[in-house]
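Written out below as structure tokens is the structure these notes cover.
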Amino acid sequence: MEDRYGHRISYLRVSITDRCNERCAYCMPVEEQEWLPRAEVLRYEEILRVIRVGAGLGIRKVRVTGGEPLTRRDVLWFFEQLGRIGGLDDIGISTNGTLLGRPATEDGADSPTVADRLRRSGVRTANISLDTLDRETYARAAGRDFLPQALAGIEAARAAGFDAVKMNTVLMRGQNEHELWDLVDFARERDLLLRFIELMPVSTTQVLTDENFLPFGEAKKLIEFKFGPLEPLPEFRTNGPATYYRVAKTGQKLGFIGAMTNLHFCETCNKLRLTCEGKLRPCLGSHLEFDLRAVLRDPAATDDDLARFFREVVDRKPEQHEFRENYQPERRMIAIGG
Ligand code: SAM
Ligand code: SF4
């Protein structure tokens, strides 16, 4: 599938829940969140059907996200089914990591971890969010005192043998600015591919203020101050919008995802998103979304109808996001699927 601007669509980001065991302020509103009623959320069978149709249209990579995907009931069953879909080259998960180290069965010490089971189902990459190594900062930022669980989850992911474990860190001035060096060391020591993400306007507007926003150029300078020059790696890509650099002294690769300040951010976009209630979204930073659930739940609709719908959505994909044009979020990240 190719859109009007020559973007080749091969990547589907699938949110399976709007629920989460954490409360990151940049992702969900501070006010008590109302979860979607269960009937509005796509059933696993419906999600798998969409992915099967997508695979037939050239989707090669699926990343499962949320909310926190691992909070959804029977999620390991879902991943097993996902791993059986033909045509996908890469399956990934985005997670806060807190549940990865849990036993997947009730066999006590002999039980594989959730991470082991994901790996066994065919998940190749685990993207784990970690913004800070300080327990108090974590508890404040995530609304839950879960740093020990997140760290255990990272260890479980490393032990599970994924092709890659990536660490995603949202840059926040005043919150983790002074920890960037420690985060870089932490990732290098554990062989995690660290990517720094600029805050995006997909949360309540009071979160994305000039006081909180730390542009990637500034973070890069701070890192260079301690680690020496970062050399651009224009050839190194990981199927997403990150720009990669190499710390000349140590060889460590670092990614920067700068939706706000990188003016070429959308040029290589290859992505569509499926929200947990079945909206197909051609771009995170545009209000456009299309109700695939209505087609899915129409008993007369065939897979060909779904495929036609996919193509129409790809045709409506905007050239670039609207984050810089006073984008006002109507939906929080948690409701779209990050
Ligand atoms: N719960 C999982 C997690 O935290 O990784 C998956 C969903 S979360 C919405 C996916 C990613 O979006 C996380 O790395 C999170 O840090 C990032 N994110 C959420 N809100 C954001 C915002 N306003 N700006 C930039 N990144 C954001
Ligand atoms: Fe939950 Fe992830 Fe959003 Fe934090 S970023 S509230 S962990 S979905």
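Just so you know, all these numbers are worked out from the coordinates, no wet-lab data involved. All of these numbers come straight from a predicted model, not from anything done at the bench. Methodologically, a virtual Cβ is constructed for each residue, glycine included, from the backbone with ideal geometry; neighbour enumeration extends over all protein chains shown.
Pairs of alpha carbons in segment 220-305 separated by more than 19 Å make up 57% of all such pairs.
For Lys226, the lysines whose Cα comes closer than 28 Å to its Cα, not counting residues fewer than 8 places off in the same chain, are Lys166, Lys249, Lys253. Computed over segment 248-295, the range of Cα coordinates on each principal axis works out to 54, 21, 15 Å, biggest value leading. Within the straight-line cut-off of under 13 Å between alpha carbons, the aspartates and glutamates reachable from Lys317 are Glu2, Asp3, Glu267, Glu289, sequence neighbours fewer than 8 places apart in one chain being disregarded.
Only loop residues by DSSP count here, and only those with at most 16 other Cβ atoms within 10 Å; note down the chymotrypsin sites (Phe, Trp or Tyr not before Pro) in segment 18-112 that meet that. Passing both the DSSP loop test and the Cβ count: Trp35. Of the peptides 218-225, 63-70, the order by per-residue mean of other Cβ atoms within 10 Å, starting with the highest, comes out as 63-70, 218-225. Remark on the chain: Rg and Dmax equal 19.3, 62 Å (Cα only). With helices as the sole contributors, the chain gives -8000 deg cm²/dmol at 222 nm; each DSSP H run of n ≥ 4 counts as -39500 (n - 2.57), and the sum is divided by every residue.
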